[in-house]
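Here the structure comes first, spelled out in structure tokens, and everything after it is commentary.
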Amino acid sequence: MSYLSVETVTKSFKNGDETTTVLAGLNLSMGRGEIIMVMGPSGSGKTTLINVIGGIERPDSGRIVLDGTEVTAMDNRMLNDYRRNDIGFVFQFYNLIPNLTAQENVMLALEGHDLDWTEKSGRAIRQLELVNILDKKDRFPQELSAGQQQRVALARALVKQPKLILADEPTGNLDEATETKVIGILAQVREELGTSFIIVSHNSRLRAHVDRCYELRKGVLVEN
Amino acid sequence: MNLTVRMMLRKIQKRKFSIILSAFIIAWAMAMMVTGIYSSGVIRTSANAYLDETGLPDISISLFEGVDPQQVQTLMTDPAIKTYEFRLRMDGHAIVDGKEISVQLIGLKDPFRTDINRLLLLDGRMFSEKMEAVAVSGGQVLGDHAKVLINSVALNLNITGTVRSPEFLINDLPTSSFIPGSGGLTILYLPLETLQSSIGPVINDILIMSDNNASKSEVISGLSSLPISSTILREDQQTSVIVQMGADKMMVMLPSISLVFIFIGLVSTFMTIYRLVLSDSRSIGVLMSLGITRKHIATSYLMFGVVTLSLGAILGCILGYAFTYTISNMALGMMGAIPIVMGFDLLPFLIGLSLATLVVVVAVIIPITIVLRHDVHDALSFVPRNRIWAWRTNLRSLSLALGLRNLFREPSRTIIFLVIIALSIGAAGSWMFMVDSAQGYLEEQSSANKWDVKISFNGPMSDIQAISHFASDPVKSAIPFSTLVGQASLGDNSQGVFLLAASDIVGIRSFLLRQGELDFQGAVLAKKMADNLGARPGESITFAVGNRSLPIEVTGIVDDIQGNAIYTSNDQVLDIIGEGSCTGVFIVLDSSEQARSYSSSLSGDPLVGSIVLKDDTVTTLRGMFDSSMSLLYAFFALNLMIALAVAISATIISTSERDMEYTTVISLGLPRSFQVKALVYEVGAQAMISALLAVPFAFLLAQVFTSLLEDAVFYIPVVLSLATVITVLVIGFLFISISIIWPLRRIKRIDFVKVLRERISS
């Protein structure tokens, strides 16, 4: 049985009188600790795919099961818990809270978890160390470079040890050197924690570092 | 439709809530200005119309003693006299519910006269028989029958109805108050012959309607042979004075408050428009790159101002009219149910509109000019502020840290908002300080009296006789006095005054000296009167009653709630009152608790005209103040509404730029309580700081307003009382805190998927 199973998922958007189908009976299956990459042109539905897997959006039909739990059967409250406990998001624009320090941004992901301040702080420090940015833990996002911000975002996604990390263009705003560093960290995390990743990206250089690569074409995934 | 106009209309629609709030604040400022000017005119017009219609006498003359009406008749030859009325006025006592009360009886020939001091029947019927009387509303209820004692003669009167009389229109002001009110006296009008049958065929009270103002002094001169104790001109009559004070108060207070709100409206509108044009900088750059002129762009952005002003002006006119009607009606109601005459006056609206226009134009043009200074390249590459201010803390709560840092993420903007919110709460709170201070001051002024019982005689008597008659156990001291009501003048200035002459003024009451010294060998004047006359210590004023006048040197100026008071020694007015005579006596008792039993013991004393207890003057003052409290609290509450609007506006401006942050928190699956807590800390801190700042603002504004009021009404020293400070703090905090509803609604309604997608597509 696969760790993540996406079965005939559809999702359409209405734009005036026009309906655009972005996911047309999409299927995906992945094992624990796998890194999958999804490529595709702009507007092909990559972001929609990680949004429905991450519980941000609901599919029109189909079934999503993560580690034996059916995500598509959850109500809003359960989806919130699912995002908080099981999913780690890494956004293209990092989406760090500007007036929280790097460490506080990482600790933010642990709000709602039954941990005391010291424990949250310790975990955040460990993650910042893992992504090699501990020396910047007291800096605010505006005092960090793009690559440093992305590493903080990655630490924030990792700190709660989610079942799955969904990364939307994680290297989209980074220069090549920083991109290499971030990719190295992903590999290291997978190695050390066995975390699963779905990475949505245009960046073909990432292909060398993932287990499988798909292209999203006409609403379905085609192995590339 | 022009495309830029269409674009602007859509932007306006998107920001309608902010625009409505700004318009509301502008409207409020405008309404206050309109209400102040308009209601002052309405009160004056309504009262004058009513007093003209009901024939408030132009001259009221009281005599020390009764005079044969035939003798007076022969003096009424001045052609300026339109009409007159001879009356006999006596003080008496009645027992109501076992308690002795003072009753003033006024005998008149024809109760149905409409040309002078018209009596308006409120209930029952007018007296028609010899032993019938009607009571003036506002006094003590006597029931259907009353046994009234005058000079030991008992009159068993049937009370047939209640009337309203223009001369006692405001019958619940105490005697010895800031104007010579009738003090909630029980006043009975009855047939002249009834009183004359007890006293003799005399009159001692003359009401005159004259042709014009200039002839009044000639009319009074023509009566100089009479023993006049007081001459009161229409403008100095208690009803006129109260109307004037009420109108002046509106004219001074509300426009002053309006200036505060105009400033708040200016800042609030400026911040709204500034934020709008700043966030639109890139769009402005695009328009400029397309060759659209700066003038054209500026004009389209001015539409925000036009819409804000139009909404504000319409609302301001409606509110201004409604407030004017309500406030004038309440004020006229408190003045004795004077019907409102709401004549149309364009000027207040034009003044209000001009100010509102000025505010909006300034608030809109400055931010537009700032942004349009950029060249096309700068405008296109403009990035809205993405750096915020944050400080490192060791707070062990992320929601607390986030809330506090959010409050100060843009410190200069936060400080401006904290100040204007505090200012608006302060404007509201200033009412509380004024109410509290005025109440305290009124009581303090009453308590400044050292006497326990004030006895007025039926006619003048000698000092020695007065002291020997009243200075028996438990009286500690009896201080004879005389009161005179007349005119004081200095140069071209003159005004009606109330003169109290006694051998031991300091034994009667304490004074707060403002200038000169408490030397009663000259005249010690109330500050308001001194200001009106332009009199200073060392100068000499002329005091006149009837045709008798005398110069008195001003020796001191005191704070006195009775703004038209002159205090002097008997020696100074011997020419008028006669040597060694007095019209009443102040009684100081061993203990003030004995006052009521002492006054009862005077029952049936033929020398006693009326009795006033000090405690009763305090109670009456308190009652009078309580009746106007609702109006003051209404102002407080209405001003709080504007404070709330300012707080909501500030919260909207500061929280609406955080959609991405809210979205991030939601997408991370954090519990909703986290965001709520962060907002509670943020808005709570904002409310606390604003409320703390509001206290000094309220105190300062109260001082400004009372100093303005000093010229119009009377001086009130503003006191920083703990109860008022706490009230302003608590109510200010609660009202500002309500503004949290807006960001909470925003979080609840936020379409976080859309925000995330917009972020990616941008």
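The values are calculated or read from the model by the stated rules, or taken from the named source; none is laboratory data. Quantities reported herein were computed from a predicted structural model and do not represent experimental measurements. Methodologically, a virtual Cβ is constructed for each residue, glycine included, from the backbone with ideal geometry; neighbour enumeration extends over all protein chains shown.
Observations, loosely collected:
- If the condition is being outside any loop (DSSP other than H, G, I, E, B) and not aliphatic (A, V, I, L, M), then region B:575-594 contributes B:D575, B:S581, B:C582, B:T583, B:G584, B:F586, B:S592, B:E593, B:Q594.
- Region A:113-123, residues that are more than 9 Å from every other protein chain (Cβ to nearest Cβ) and either crowded, with 19+ Cβ neighbours inside 10 Å or touching a residue at least 40 places away in the same chain (Cβ under 8 Å) (or both): A:H113, A:R123
- Among helices (runs of 4 or more DSSP H) entirely within region B:1-113, having at least 2 residues that are at pLDDT 85 or above singles out B:16-54, B:69-73.
- A:G54 vs. criteria surrounded by fewer than 22 Cβ atoms within 10 Å (Cβ to Cβ) and over 21 Å from A:E192 (Cα atoms): no
- Pair list, Cβ < 6 Å and 6+ apart or interchain, from region A:79-93 residues that are more than 7 Å from chain B (Cβ to nearest Cβ) to residues that are part of a strand (DSSP E or B) and of a type outside the set (A, V, I, L, M): A:F91/A:D168
- Close pairs (7 angstrom Cβ cut-off, 6 or more residues apart or separate chains): within 24 Å of A:E176 (Cβ to Cβ) in region A:139-163, modelled with pLDDT of 90 or more and of a type in the set (D, E, K, R) anywhere: A:L144/A:K136; A:Q148/A:K136
- Any hit, region B:335-347, residues being in a helix (DSSP H, G or I) and modelled with pLDDT of 90 or more: yes
- Here A:D135 passes the criteria (1) more than 21 Å from the chain's Cα centre (by Cα); (2) within 12 Å of chain B (Cβ to nearest Cβ) except the one numbered (2).
- Single residue of region B:468-500 satisfying the filter (of a type in the set (G, A, S) and under 27 Å from B:S597 (Cα atoms)) that is surrounded by the most Cβ atoms within 10 Å (Cβ to Cβ): B:S482
- Considering the conditions (1) away from chain A (no Cβ under 14 Å); (2) over 35 Å from the mean Cα position of the chain (by Cα), B:F697 is excluded by exactly one of them, (2).
- Region B:664-676, subset in a helix (DSSP H, G or I) and over 43 Å from the mean Cα position of the chain (by Cα), residue farthest from the other protein chains (Cβ to nearest Cβ): B:Q675
- If you go through region B:540-574 and keep only what is of a type in the set (A, V, I, L, M, F, W, C) and either assigned to a loop (DSSP other than H, G, I, E, B) or crowded, with 19+ Cβ neighbours inside 10 Å (or both), you end up with B:I541, B:F543, B:A544, B:V545, B:I552, B:V554, B:I557, B:V558, B:I561, B:A565, B:I566, B:V573.
- Residues of region B:586-608 satisfying the condition of being more than 34 Å from the chain's Cα centre (by Cα), of a type outside the set (S, T, Y), within 22 Å of B:M461 (Cβ to Cβ) and surrounded by 14 or more Cβ atoms within 10 Å (Cβ to Cβ): B:L589, B:L602, B:D605, B:L607, B:V608
- Out of A:L110, A:L100, sole residue that is more than 7 Å from chain B (Cβ to nearest Cβ) and part of a loop (DSSP other than H, G, I, E, B): A:L110
- Selection count, region A:166-185, where residues are crowded, with 24+ Cβ neighbours inside 10 Å and either in a helix (DSSP H, G or I) or modelled with pLDDT of 90 or more (or both): 2
- Meets criteria (within 14 Å of another protein chain (Cβ to nearest Cβ) and surrounded by fewer than 21 Cβ atoms within 10 Å (Cβ to Cβ)) for A:E192: no
- Filter pass, A:Q148 being assigned to a helix (DSSP H, G or I) and away from chain B (no Cβ under 11 Å): yes
- Being in contact (Cβ under 8 Å) with a residue 24 or more places away in the chain and within 14 Å of chain A (Cβ to nearest Cβ) holds for only one residue in B:N406, B:N449, B:N394, and it is B:N406.
- Inside region A:188-224, residues that are among the aliphatic types (A, V, I, L, M), free of Cβ contacts under 8 Å to residues at least 60 places away in the same chain and part of a helix (DSSP H, G or I) make up a count of 3.
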